[in-house]
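Notes follow the structure.
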Amino acid sequence: MSIDDELRWDGELTVTRHDRETGTTFVIRIDSTRLGPASGGTRAAHYPSIGHALADAGKLAGAMTLKMAVSDLPMGGGKSVIALPAPRNQIDAATWTRILDIHAENIDKLEGNYWTGPDVNTNSSDMDQLSRTTKYVFGRSVGNGGAGSSAHATALGVFEAMKATARRRGLGTLDGRTVLVQGLGAVGGDVVRLAAQAGARLLVADTDPQRLEAASLAGHTVVPAGEVLRTPCDLFAPCAMGGIIDSAAAASIPTMAVAGAANNILTDAAAGEVLRDRGVLCAPDFVANAGGAFHLVGQEVLGWNEDDVVERTRGIGRTLDEVYSLSEERGITTEAAALMLARARLSPASTAAATS
Ligand code: HCI
């Protein structure tokens, strides 16, 4: 994670800034503007080093490029990482406002080549604050003219992905199936609700005791955070941090299928191959979690209404069916198949064909 290594990156642009007063380092990475202005949320977290922040921004920006391409949205991929001097819950309100104001200045200097939105540790009211300085912001609160939180649309898309993946894996519907959801935030919590309504038996994990208590009161079974990768289930839905399945986890995780909301669930392509060899069907995350992009880009760029967002988000199941068929035909992993679909749209020839 050295800065030297992390700056050897194939994306289009890296912007950084440091604020000495708050001890905050700002990173914006534009992976690609091939299909339109780069877009992707702003993530705020306490990182072990600037190298880690650069790496996270780069990986997440790359995932946004693929998500937009595979979802047929006219946007590129980018991401912001705000490397905080301490965990988010230790940052006071005045410091946070200063941090957002500086971030907004940075975004504004990119003159629309990068559009942000909410991500881990940022929400619609933070987008409202950014929008005081720059207009290149998706996901402001509804009262302030934005599309508001995209969490529900993301969850709906993940739910569609879970159903399509379970069906393809031969599990039938979710009714009576055991689904393990890791992460009960705005998206994971909603995924739990949708899966429960569909008749699934829910196992849940989170690091926040309050969330666990609420889930337990709702009748779900709590799994200790450290046991997640060892807990048998029919379908595993990672809805917290990325990078949770490496090759070792892929070799042992006791499940039939994986479909979740987290970005970059697999640490690398090898993990996907290990899952495939064990018959664990894995929904590529940049396909499964595109509901949020439909919500934000659909409503704020393309003029869709909420019904349009729901319809396109439900289409995630069909896109996955295409991915699974391609993966079977070619004998490649589902991740590789989704990459093929995304890259076909990103290739220069695809625009030539589309515009001729
Ligand atoms: C995401 O997929 O990470 C959320 C969707 C999104 C889309 C465009 C800008 C910010 C976030």
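The values are calculated or read from the model by the stated rules, or taken from the named source; none is laboratory data. Please read all numbers here as calculations on a predicted model, not as lab measurements. Backbone-built Cβ (ideal geometry, glycine too); neighbour counts: all protein chains shown. When the accessible area is computed, the model is the full protein with side chains, heavy atoms only, and any ligands, DNA or RNA have been set aside. Shrake-Rupley method; radii C 1.70, N 1.55, O 1.52, S 1.80 Å.
Could you sort 250-261, 301-312, 272-283 so that the peptide with the highest average Cβ count within 10 Å comes first and the rest follow in order?
By packing density, highest mean first, the sequence is 250-261, 272-283, 301-312.
Using only alpha carbon positions, build the gyration tensor of segment 221-280, then give the equivalent ellipsoid semi-axes as the square roots of 5 times its eigenvalues, largest first, whole angstrom.
After diagonalising the Cα gyration tensor, the semi-axes are 17, 13, 10 Å.
Calculated FRET efficiency, Ala248 and Thr207, Cβ-Cβ r, R0 30 Å, to nearest 0.05?
So, using R0 = 30 Å, E works out to roughly 0.90.
So how tilted is helix 151-168 from the main axis of the chain? Cα-based, degrees 0 to 90, rounded to 10.
30
Helix-derived [θ] at 222 nm for the chain: sum -39500 (n - 2.57) over DSSP H runs of at least 4, divide by residue count, nearest 500?
So the helix-based figure for the chain works out to -13000 deg cm²/dmol.
Just want to confirm a number: the relative contact order over segment 1-51, from Cα pairs under 8 angstrom separated by 6+ residues, in percent.
In percent, rounded to a whole number, it is 35.
Among all the aspartates and glutamates, which ones have a C-alpha under 13 Å from Lys109's C-alpha, if same-chain residues fewer than 8 places away are not counted?
Straight-distance partners of Lys109: Asp101.
Mind pulling the angle between the C-alpha long axis of helix 186-197 and the longest principal axis of the chain? Nearest 10 degrees, somewhere in 0 to 90.
20
How tilted is helix 50-70 with respect to the longest principal axis of the chain? Cα atoms for both, answer in degrees (0 to 90, nearest 10).
Taking Cα atoms only, the helix is inclined about 60 degrees.
Against the globular-protein guess of 2.2 N^0.38 Å, express the Cα radius of gyration of the chain as a ratio, rounded to two decimals.
0.95
Once Lys and Arg get +1 and Asp and Glu get -1 on their Cβ, which of Gly41, Thr165, Ala186 lies farthest toward the positive end of the dipole of the chain?
Thr165
Determine, at each q value in 0.11, 0.18, 0.20 (inverse angstroms), the log₁₀ of I(q)/I(0) that the Debye formula gives when each Cα of segment 123-250 is one equal point scatterer.
After summing over all Cα pairs, the log10 values are -0.45, -0.96, -1.09.
Could you give the semi-axes, largest first, of the ellipsoid that matches segment 3-127, computed as the square roots of 5 times the alpha carbon gyration tensor eigenvalues and rounded to whole Å?
In descending order the semi-axes read 23, 16, 12 Å.
Based on the alpha-carbon gyration tensor of segment 219-356, what equivalent-ellipsoid semi-axes (square roots of 5 times the eigenvalues) come out, in whole Å, largest first?
Here the semi-axes work out to 29, 21, 12 Å.
If I model a spin label at Glu329 and His52 as a point 7 Å from the Cα along the Cα→Cβ vector, what separation in nanometres do I get?
In this crude spin-label approximation the distance works out to 4.3 nm.
When the accessible area of the chain is computed with all protein chains present and a 1.4 Å probe, what percentage of it is carbon and sulfur?
That fraction is 50 percent.
Exceeding 20 Å between C-alpha atoms, which entries from my cross-link table qualify? They are Lys59/Lys79; Lys59/Lys163; Lys59/Lys135; Lys79/Lys135.
Lys59/Lys163; Lys59/Lys135
Relative contact order, percent, of the chain when contacts are C-alpha pairs under 8 Å separated by at least 6 residues?
14
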